[in-house]
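Here is the structure we will look at, set down as C-alpha cells.
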Amino acid sequence: MSKKLLCTLLLLTFGLFLIACSADKPTNETTATDQTNYSQLSVTAVSKLTSGDLTNFYQMFDKNMKKALPESDLKSIWADLIKQYGAFQYYASDFKLTNQDGHTVATIPCTFENQTLDILLSFNSNGEISGLYFTENNNTNNRLRLENDTEVSFTSGEYSISGSLNLPNGDGPFPLVILVHGSGPSDRNEQIGPNQPFMDIAAQLSEAGIASLRYDKRTYTYAKELAALTDVTVQDETIDDVLAAFEFAAALPDIDAERIYIAGHSLGGYLMPRIAKQTPNAAGYIMLAASARPLEDLVLEQTQYILSVDKTTTQEDKDKLLQQTEKTINLIKNLTPDSDLTADQLLNVPVSYWLDLQKYEPLTMITQVEKPILIMQGGRDYQVTVTDYQLWQEALADKENVAFCYYDNLNHLFMSGTGKSTPNEYQTKGTVNEQAVQDMINFILGLSPTPRKE
C-alpha cells in the first residue's frame with residue numbers, strides 16, 4: 001500500500017476514523033523521556049493544525065512527511081475531517097507523550113462538534129513531525145449534561161432558543177438562576193477549551209436545592225442569520241433572550257416565580273443594569289467578572305496584556321498588532337450614525353452595536369437597581385480586572401442592597417490558578433471555585449456571602 005493511499009480518509013462501518021501518514025508507523029510504546037521540549041512542540045503543532053494554519057503546520061513536517069503528505073492533500077484531508085466531524089472545539093491540555101521506536105508521540109484528544117478524536121503527532125529527534133494520525137476517541141469523560149437536566153426550548157422573537165433546565169431532587173417550587181453568557185457565540189455551558197463554567201455552577205446550585213436555566217446563546221445557534229443583519233445591538237444579542245428565559249421560567253410549575261435570579265458573566269454582567277431595568281420582577285442579580293468600562297477599552301487593555309506575556313511573537317509584530325488595534329479602537333470611539341464602516345473594520349461587529357453602547361452608562365444605571373445585587377471578581381482576571389470591580393464599588397458605596405466578593409487566585413472563569421493568567425490557561429481543565437458558587441448560593445438563600453473586598 002502506498003504512503004499516499006494511507007493518507008486517504010477511511011470511514012469504516014464500525015465508526016473508526018483513521019488517517020496515518022508516516023514512513024513507519026511506530027510501535028512498542030514506552031514512557032517518553034523529554035516531555036518538556038516535546039510538550040511545547042505538541043502544543044505549537046496542534047494549535048496550528050486546529051486553527052487552520054495548515055501552511056505553517058506543514059512546515060513542521062520532516063522531508064519524508066512532506067513527500068508522503070503534500071500540503072494540498074493535508075488541506076483536503078482536514079476539510080474532509082471538519083465536514084465529517086463538525087467544527088473544532090478544543091484540545092485537551094493533559095495529553096500523553098510516549099516514546100515509540102525512537103520517535104516521541106503525542107496523543108492529544110481533540111473535541112469537534114460531533115466527536116472527540118485523538119490526534120497523534122510523531123516527532124523525530126530533531127523535533128520535526130514524522131507522522132500524523134487521527135483516531136476516534138470513544139472514551140471521553142466530557143459531561144454534556146447534568147443528571148437532572150431536561151432539554152427545553154423557548155421562543156425569543158423569531159428565534160427558538162434551546163437550553164437545559166436543571167431541577168434539584170425533591171419537591172418544588174425551587175428558586176432558579178438564569179445564567180447569561182459573556183461575549184461571543186457560547187453554548188449553554190459557556191464552554192471554552194475543556195471548561196464548562198455554567199455547567200459547574202448549575203451542578204453546585206442543584207446540590208443546594210436551587211434550579212438553573214442555561215441556554216445556547218443566540219449568536220451560537222443563529223450565527224449566520226445574525227451576521228447578515230446590519231442593525232444588531234446587545235438587545236438582540238443578549239438581552240431579549242434573557243427576557244424570554246425569565247418569562248419561560250416564571251411559568252414553570254416547579255419554579256418559584258418570585259425567586260428567580262439572573263446571573264451574568266463578563267458581558268452578561270456588564271449588561272446587568274440594562275437587564276435589571278427590563279426584569280423588575282427578578283428577585284436579584286449576580287454579576288460575575290462584570291466590566292464597568294466600554295468594551296472597546298477592554299479590547300485594547302486585553303491586547304496590551306496578552307502581548308506583554310507573549311514570549312514567541314517578535315517585538316516588531318507586537319508593535320504592528322498593537323498599532324492596528326489602537327487604530328480600530330479609535331474608529332469605534334469616533335463612530336456616528338452616518339458612519340459607513342463595515343463590521344470587519346470594527347472587530348467584526350456592526351456600527352449599530354457600537355452606537356448603542358455609546359449611550360450606555362452602567363455605573364449610573366446600576367445605582368437605580370433596588371433589588372439585591374452580588375458582584376464577584378477574580379484577582380487573576382486579565383479580561384475584566386480589579387479596575388472594573390473598584391468602579392462598581394465606588395458607584396455603589398452608599399447602597400445597602402449590594403454585596404461584594406473578591407477572590408485573589410481566580411481567573412476570568414472563576415477557576416483557581418497561580419501566577420499571571422494567560423489565554424492558554426483556558427485550555428487546561430478546571431472547575432469553578434466551590435467557595436465562589438457557595439457565595440452565590442448564600443446570596444440566593446438570603447444568607448450573607450462572606451465579604452471579600454479587595
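The values are calculated or read from the model by the stated rules, or taken from the named source; none is laboratory data. This is a predicted model, so every value here is computed, not measured. Quick reminder, even Gly has a Cβ in these numbers, built from the backbone with ideal geometry, and neighbours come from all protein chains shown.
Of the helices (runs of 4 or more DSSP H) contained entirely in the stretch 250-332, those carrying at least 3 residues that are more than 20 Å from Val180 (Cβ to Cβ) and out of contact with any helix residue (DSSP H, G or I) (no Cβ under 7 Å at 6 or more places or on another chain) fall at 295-309. Checked against the criterion of being in contact (Cβ under 8 Å) with a residue 24 or more places away in the chain and among the aliphatic types (A, V, I, L, M), the candidates Leu69, Leu120 yield just one match: Leu69.
Checking each residue in the stretch 139-192 for being in a strand (DSSP E or B), modelled with pLDDT under 90 and β-branched (Val, Ile, Thr) picks out Thr150, Val152, Ile192. Would you point out the residue of the stretch 292-306, among those that are in contact (Cβ under 8 Å) with a residue 60 or more places away in the chain and hydrophobic (A, V, I, L, M, F, W, C), that is surrounded by the fewest Cβ atoms within 10 Å (Cβ to Cβ)? Restricting to residues being in contact (Cβ under 8 Å) with a residue 60 or more places away in the chain and hydrophobic (A, V, I, L, M, F, W, C), the top hit is Ile306. In the stretch 195-205, the residue that is modelled with the lowest pLDDT out of those that are in contact with a helix residue (DSSP H, G or I) (Cβ under 7 Å, 6 or more places away or on another chain) and surrounded by fewer than 24 Cβ atoms within 10 Å (Cβ to Cβ) is Asn195.
Residues in the stretch 235-245: is at least one among the small types (Gly, Ala, Ser), closer than 17 Å to Thr385 by Cα and in the same structural domain as Lys420 (by TED's automatic domain parsing)? No: the stretch 235-245 contains no residue that is among the small types (Gly, Ala, Ser), closer than 17 Å to Thr385 by Cα and in the same structural domain as Lys420 (by TED's automatic domain parsing). Looking at this structure, is Leu374 closer than 23 Å to Glu190 by Cα, without any contact (Cβ under 8 Å) to a residue 40 or more places away in the chain and in the same structural domain as Ser339 (by TED's automatic domain parsing)? No: the conditions fail for Leu374. If you go through the stretch 244-257 and keep only what is surrounded by 19 or more Cβ atoms within 10 Å (Cβ to Cβ) and in contact with a Leu (Cβ under 8 Å, 6 or more places away or on another chain), you end up with Ala245, Phe248, Ala249, Leu252, Ile255. Of the numbered conditions (1) touching a residue at least 40 places away in the same chain (Cβ under 8 Å); (2) within 30 Å of Asp439 (Cα to Cα), Tyr353 satisfies every one except a single condition; which is it? All conditions are met except number (2). Within the stretch 295-302, does at least one residue satisfy the condition of being modelled with pLDDT under 95, under 25 Å from the mean Cα position of the chain (by Cα), over 20 Å from Asp231 (Cα atoms) and of a type in the set (S, T, N, Q)? Checking the stretch 295-302: at least one residue is modelled with pLDDT under 95, under 25 Å from the mean Cα position of the chain (by Cα), over 20 Å from Asp231 (Cα atoms) and of a type in the set (S, T, N, Q).
Yes/no per residue for (1) crowded, with 23+ Cβ neighbours inside 10 Å; (2) in contact (Cβ under 8 Å) with a residue 40 or more places away in the chain; (3) closer than 23 Å to Pro372 by Cα:
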{"position": "Glu207", "(1), (2), (3)": "no, no, yes"}
{"position": "Lys217", "(1), (2), (3)": "yes, no, no"}
{"position": "Tyr220", "(1), (2), (3)": "no, no, no"}
{"position": "Val242", "(1), (2), (3)": "yes, yes, yes"}
{"position": "Arg259", "(1), (2), (3)": "no, yes, yes"}
{"position": "Asn281", "(1), (2), (3)": "no, no, yes"}
{"position": "Leu288", "(1), (2), (3)": "yes, yes, yes"}
{"position": "Lys311", "(1), (2), (3)": "no, no, no"}
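The criterion of being modelled with pLDDT under 85, surrounded by 15 or more Cβ atoms within 10 Å (Cβ to Cβ) and over 14 Å from Ile119 (Cβ atoms) holds for Gln100. Confirm whether Leu213 is modelled with pLDDT of 95 or more, within 17 Å of Val152 (Cα to Cα), crowded, with 20+ Cβ neighbours inside 10 Å and touching a Lys or Arg at 6+ places or on another chain (Cβ under 8 Å). Against the criterion (modelled with pLDDT of 95 or more, within 17 Å of Val152 (Cα to Cα), crowded, with 20+ Cβ neighbours inside 10 Å and touching a Lys or Arg at 6+ places or on another chain (Cβ under 8 Å)), Leu213 does not qualify.
Among the numbered conditions (1) more than 22 Å from the chain's Cα centre (by Cα); (2) at pLDDT below 85; (3) of a type in the set (A, V, I, L, M), the only one that Ala68 does not meet is (2).
Counting only strands (runs of 3 or more DSSP E) that sit completely within the stretch 36-137, those holding 3 or more residues that are under 30 Å from Glu190 (Cα atoms) and of a type in the set (Phe, Trp, Tyr) correspond to 88-91.
Just one of the numbered conditions (1) under 26 Å from the mean Cα position of the chain (by Cα); (2) at pLDDT 95 or above; (3) assigned to a loop (DSSP other than H, G, I, E, B) is not true of Gly430: (2).
Looking at the stretch 48-69 only, could you name the residues that are of a type outside the set (A, V, I, L, M, F, W, C) and surrounded by 14 or more Cβ atoms within 10 Å (Cβ to Cβ)? Those that are of a type outside the set (A, V, I, L, M, F, W, C) and surrounded by 14 or more Cβ atoms within 10 Å (Cβ to Cβ): Lys48, Thr50, Tyr58, Asp62, Asn64, Lys66.
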